[in-house]
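Just below is one structure, and these are the notes that go with it.
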Amino acid sequence: MITRKFHTVVLGSGAAGLAAALRLRAEGIENVAIVTEGLDKGTSINTGSDKQTYYKLGICGKDLDSPVSLAESLRGSSAHGDIALVEAVTSVRAFSNLVNIGVPFPRDAYGQFAGYKTDHDPLRRATSCGPYTSREMCRALIKEVQVRQIPVFERRVAVKLVMVDGRAAGLIAVDIDAEQDKMFEYYMADNVVFAVGGPGGLYDCSVYPAVHTGAIGLALQIGAEAASLPESQFGLASIKFRWNVSGTYMQVLPRFISTDADGNDAREFLRPYFPDAGTMNSMVFLKGYQWPFDTRKIPDGSSIVDILVYEETAIRGRRVWLDFRTNPEGFDFAALSEEARTYLEKSGAAFGTPLERLLHMNPGAVELYKEHDIDLEKEPLEIAVCSQHNNGGLSGNIWYESTNIKHLFPIGEVNGSHGVTRPGGSALNAGQVGAFRSAEYIANVYTTPTLDEAKAAAEAEKIVAALADQAKRPAERTFREERQEFQHRMSTFGAHIRDPKKIAVAAKEAWAQYRRMEKSGVGAKSTREVAEALRNLQLCYAHAVYLDAIEFQLASGVGSRGSAMAADPDGIAIHPMLGNEWRFKQEDESFRSKQLITVAEKGSKWIDCRPIPESDDWFENVWADFRNKKIYR
């Protein structure tokens with residue numbers, strides 16, 4: 001086993017992890033390294049949306065905004081007020097840093113950064129530099145990392161976190177280019193910045209890029225507290241090339257068609273569920289603004305579209321497509337809602353086919369698919385309801401340190417700061433804020449290493465010995481078969497449609513699969529296969545913990561909220577053409593002031609959300625506390 005020692009190691013090279021490494025250097029921590037599967041891997045650099053959003057404090061025009069006002073929007077429901085305030089007040093600092101290193105956010109001749117409204121946003125706080133905003137962020141951050149010569153260990157798959165004396169002590173990774181007898185590496189570190197992204201590898205219907213699986217299971221395995229695990233976002237996305245079909249993809253009003261498994265028997269399937277074509281097309285239009293599946297927008301809102309797509313695919317076994325080449329049957333601009341019609345008219349797009357409207361308003365949206373060998377001028381676009389983002393994750397304090405494991409700092413999507421209803425684009429801000437805050441705390445509180453290196457080395461040796469033994473023993477099934485099983489289970493029972501009667505069975509089956517995999521060998525023929533099989537262990541573990549948390553939430557009587565519908569045969573009917581299995585339980589709004597905390601295999605509990613603090617803003621007092629470092633206590 002190779003051992004490398006660092007003051008702080010950053011696991012993950014998305015926008016949050018890269019920013020953290022840079023901030024650590026800026027704060028004076030020199031002995032920093034990044035461990036990653038690759039700078040070209042992960043969600044940040046490989047995904048986006050129609051107009052990928054960065055959400056921050058409003059700093060343009062006459063709109064009146066303040067950190068507390070923004071915190072109130074970020075808090076939404078089931079999120080802590082103090083963390084919301086941190087993410088609000090630090091947003092301008094983090095955003096300005098990105099601008100200063102070259103991220104091309106648009107501004108006018110006076111230097112104002114114009115904004116627009118996003119979902120759950122009362123003001124025009126959102127901004128964007130196009131569909132690949134997070135990729136532009138990564139490219140600028142990578143350039144800075146290279147200029148500062150921060151060591152980056154690529155082609156590494158983390159397989160275990162090391163913990164001694166109740167604190168983080170580094171991580172074990174597999175070097176996928178090494179021979180099997182030399183593949184394990186120990187990155188000993190006084191602090192671990194855990195920037196591994198969301199749980200993309202848990203679902204088979206996913207808009208996370210295929211190269212991103214996530215690694216929250218590593219922290220769950222060592223007992224790290226998690227917050228709001230059941231709160232995820234789901235929505236319509238293309239599946240050949242994974243991409244949200246939000247914004248103008250919906251606002252140009254494509255034709256929804258379904259086919260059999262072979263692509264035959266094409267027919268429009270939405271129309272019978274609406275009183276007229278105008279109502280149907282107006283609901284499709286709203287999906288552009290209201291992209292995530294939202295239980296508050298059923299039965300009479302735009303989320304009925306998601307339900308009907310899911311019914312057609314998951315229940316009836318057909319395939320669903322967006323056809324931009326012709327208008328839906330019975331299409332008439334005059335029959336649209338005033339909102340939809342006015343939008344198209346003001347955009348100069350009240351003409352032609354969906355494709356012609358899309359080329360007029362957003363030609364880049366067509367080019368994006370061409371770059372991935374999908375020509376919307378010649379073929380329809382296959383879609384499904386997919387997992388997109390986990391609003392929950394690991395529980396952290398206002399400095400983004402784990403609430404129960406010292407020296408572990410979960411930042412980015414893996415940090416569960418968002419609660420239920422986050423404004424669109426706040427995730428990009430939260431990742432940058434987490435980078436700033438964790439680096440500042442490490443540099444001011446954990447400057448001097450305190451890790452017992454002998455204990456840490458002994459624990460790492462013990463872990464590697466067990467992993468090496470498992471790698472040599474034969475496996476019952478391939479890693480692909482194991483992954484397919486838990487991904488299918490999670491998409492069937494732990495996605496946007498949740499049945500309390502079925503979830504308990506699914507959770508038991510999840511743990512049974514994990515226990516079997518834990519006892520089984522890996523039996524892999526290559527280092528890459530060993531890495532993937534060991535990755536499966538933490539992914540399978542994570543999905544079992546998620547299902548446990550979902551079961552607890554449903555049993556608590558929360559009902560349907562956010563992007564998850566709780567099935568209830570005695571509940572509210574979605575549509576007269578859909579059976580009782582599509583009735584759902586209404587939300588119990590009393591839980592909006594509570595947050596679900598989960599510790600793997602120990603259970604879940606509800607805690608009260610902390611309010612937005614009323615801090616002492618008297619300058620002399622703040623200055624004194626800052627000088628004396630009381631702010632870190």
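Report the local net charge at G330: Lys and Arg +1, Asp and Glu -1, summed over other residues whose C-beta lies under 9 Å from its C-beta. Counting the neighbours of G330, the net charge comes to -2. Taking every DSSP bridge with both residues inside segment 562-612, close to 100 percent are antiparallel. Computed over the alpha carbons of segment 153-254, Rg followed by Dmax gives 17.9, 58 Å. Net charge in the neighbourhood of L394 (other residues with Cβ under 14 Å of its Cβ; Lys, Arg +1, Asp, Glu -1) is -3.
On C-alpha positions alone, give me the angle between the axis of helix 479-493 and the longest principal axis of the chain, in degrees, nearest 10. It is inclined by approximately 50 degrees.
In this structure, K62 and I315 have a Cβ-Cβ separation that, at R0 = 51 Å, corresponds to a calculated FRET efficiency of about 0.55.
Of the cross-linked pairs K41/K378; K117/K585; K5/K182, those separated by over 25 Å at the C-alpha level are K41/K378; K117/K585. Each of N46, V622, M490 was placed along the dipole of the chain (beta-carbon charges, centred on the mean Cα), and the one lying farthest toward the positive end is V622. Anisotropy class assigned to segment 459-617 is oblate, per the alpha carbon gyration tensor with a/c at or over the 1.5 cut-off and a/b no larger than b/c. Other residues within the sphere of radius under 11 Å centred on the Cβ of P500, judged by their own Cβ, net out at +1 (K and R +1, D and E -1).
Measuring spread by the Cα atoms of segment 19-124 yields a radius of gyration and Dmax of 16.1, 45 Å. Dipole size of the chain about its Cα centre, with +1 on Lys/Arg Cβ and -1 on Asp/Glu Cβ: approximately 920 debye, rounded to the nearest 20. Across all C-alpha atoms in segment 515-602, the radius of gyration and Dmax reach 18.9, 54 Å. Take every DSSP beta bridge whose two residues both sit in the chain; close to 70 percent of them are antiparallel. Using equal-weight Cα scatterers in the Debye expression, the normalised intensity of segment 431-536 in log10 at q = 0.15, 0.21 Å⁻¹ is -0.88, -0.98. Each of E459, E312 has its accessible area taken with a 1.4 Å probe; listed largest first, they run E459, E312. Here the average projected area of the convex hull drawn through the C-alpha atoms of the chain stands at 28.1 nm².
How about segment 585-633: which chymotrypsin sites (Phe, Trp or Tyr not before Pro) there are in a DSSP loop, with at most 14 other Cβ atoms within 10 Å of their Cβ? Passing both the DSSP loop test and the Cβ count: W618.
Entry note, the chain: relative contact order of 21 percent, from Cα contacts under 8 Å with a spacing of 6+ residues. Selection among T342, S303, G330 by position relative to the dipole of segment 286-361 gives S303 as farthest towards the positive end (Cβ unit charges, Cα centre).
The values are calculated or read from the model by the stated rules, or taken from the named source; none is laboratory data. Keep in mind it's a predicted model, so treat the numbers as computed, not measured. Heads up, the Cβs are rebuilt from the backbone with ideal geometry, glycines too, and the neighbour counts pull from every protein chain shown. Remember, those area values only see protein heavy atoms, side chains included, never the ligands or the DNA or RNA. Shrake-Rupley method; radii C 1.70, N 1.55, O 1.52, S 1.80 Å.
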